[in-house]
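A quick write-up on the structure given underneath.
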Amino acid sequence: MEIIKAKTAGFCFGVKRAVDTVYEQIGDCEGPIYTYGPIIHNEEVVKDLESRGVKVLRTEEALDSVSEGTVIIRSHGVEKRIHDELEKKGIRIVDATCPFVKKIHNIVQKESAQGKYILIIGNPDHPEVIGIRGWAGENAAVIQCSADIEKIDFTEKEKICVVSQTTFNYNKFKDLVEIIKKKSYDVSVLNTICNATKERQTEAESIAKSVDAMIVIGDKHSSNTQKLFEICQKACNNTYYIQTLDDLDLNQLGSVETVGITAGASTPNNIIEEVQNNVRIIF
């Protein structure tokens, strides 16, 4: 029996940086520590931080109760107005926004100021996209599928700038960009999908095509893990999406000869290793 674990599985640079930042603040700061939203999309990590006294501000209204301490901005980033609100309150801010996401904030703010209409390709309900939208000014829209493009009147938009959620499916991004280019003559496209995301998706698809069963590990709210699952499921019928080992029925793997394992960018190594070790035992 063979187990193939993706080399790209687990924490990406931005996630590791954000998580490390919170743990460092726990040791260094005086007063209460908050994160605006879960620091990453992983319940196990958030639970561990909460056990160490870190409180999660899950809504904008929750900010009203904060008058002191440190607020750490989540890896997904926040809207400009949230950042401005924190500064107004005079609270100490530690910005753990992924640098690749922060780069998109700067791009859309600059391009919007130059009069361009901003199109953000991504999930409109995802915190990263909500944050990007909040730096793009009034002339912006979020596109998740071709139907969303049809809702936009391109005749009134002379110059367009297209960016993407960092974890969006690369092939879907290319397809949507092609449709947009047919709608307008002046379109600048900035592929802001993180290289780590593309590499992870490519490797996961390659492994899924070569195994009898595929395990994708990650939080149910993790966008990049959801994309991995979609990609792997197309390549391998026996694909399982789990958050921890408890979600995996090992009996389902009893008759397979090869198993692939990958994980989202917010999945800690200890969870990946636990799954890998237990799968190895049944073989």
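Computed from backbone phi with θ = phi - 60° and the Karplus coefficients 6.51, -1.76 and 1.60, the 3J(HN,Hα) list for region 118-125 is 9, 10, 9, 8, x, 7, x, 8 Hz; x is used for glycine and proline.
The Cα trace of region 60-131 gives Rg and Dmax of 13.4, 39 Å, the first to one decimal, the second as a whole number.
Mind sorting out which of (i) 13.8; (ii) 15.8; (iii) 14.8 is the real mean projected area of the Cα convex hull in nm² computed from the coordinates? Among (i) 13.8; (ii) 15.8; (iii) 14.8, the one derived from this structure is (ii). Pairs with C-alpha atoms separated by more than 32 Å, drawn from the list K7/K181; K5/K183; K80/K209; K16/K88; K110/K182; K16/K151, are K7/K181; K5/K183; K80/K209; K16/K151. Each of Y36, S65, F11 was scored by the projection of its Cα onto the charge dipole of region 5-79, and the greatest displacement toward the positive side belongs to F11; charges sit on the C-beta of Lys, Arg, Asp and Glu. Applying both filters, DSSP loop and at most 14 other Cβ atoms within 10 Å, to the trypsin sites (Lys or Arg not before Pro) of region 24-126 gives R52, R58. Shown in residue order for region 63-72 are the 3J(HN,Hα) couplings computed by the Karplus curve 6.51 cos²θ - 1.76 cosθ + 1.60 at θ = phi - 60°: 5, 4, 8, 9, 10, 8, x, 10, 10, 9 Hz (x for Gly and Pro). In this structure the amide hydrogen of K159, modeled in the peptide plane, comes within under 5 Å of the amide hydrogens of Y117, none closer than 5 places in sequence on its chain.
A DSSP coil position with no more than 15 other Cβ atoms inside 10 Å describes the following GluC sites (Glu not before Pro) in region 1-64: E30, E60. For R92, the residues 5 or more places off, or on other chains, whose built amide H falls under 5 Å of its own are G69, V71. Both the radius of gyration and Dmax for region 82-211 are 16.2, 55 Å, in that order, over alpha-carbon atoms. Translational diffusion of region 155-283 was estimated from the Stokes-Einstein equation, with Rh taken as the Kirkwood radius over Cα pairs; at 4 °C and 1.567 mPa s the coefficient is 80 µm²/s.
Here K172 is the anchor, and the aspartates and glutamates within straight C-alpha reach of less than 14 Å, apart from those fewer than 8 places off in the same chain, are D148, E230. Rounded to the nearest 20 debye, the dipole magnitude of the chain is 880 debye, with +1 charges on Lys and Arg beta carbons, -1 on Asp and Glu beta carbons, and the Cα centre as origin.
Scalar couplings 3J(HN,Hα) for region 28-34, obtained by applying the Karplus form with A = 6.51, B = -1.76, C = 1.60 to θ = phi - 60°, are 9, 8, 9, x, x, 10, 10 Hz; x denotes Gly and Pro. Scanning residues 5 or more positions from A263 or on other chains, those with amide H under 5 Å from its amide H are A9, G10, I217, with H placed 1.01 Å from N in the peptide plane.
What number comes out for accessible area per residue over the chain if the probe is 1.4 Å? Units Å², please.
That works out to 49 Å² for each residue.
Carbon and sulfur together cover what percent of the accessible area of the chain at a 1.4 Å probe radius?
Details: 5970 of 13760 Å².
That fraction is 43 percent.
Just report the Cα centroid separation between region 33-102 and region 190-269, whole Å. Comparing the Cα centres of region 33-102 and region 190-269, I get a distance of 29 Å. When only the Cβ of Lys, Arg, Asp and Glu is charged (+1, +1, -1, -1), the dipole of region 1-111 relative to its Cα centre reaches about 420 debye.
The values are calculated or read from the model by the stated rules, or taken from the named source; none is laboratory data. Computed from a predicted structure; not experimentally measured. Virtual Cβ from ideal backbone geometry, glycine too; neighbours counted across all protein chains shown. These accessible areas exclude ligands, DNA and RNA; they are computed on the full protein's heavy atoms, side chains included. Shrake-Rupley method; radii C 1.70, N 1.55, O 1.52, S 1.80 Å.
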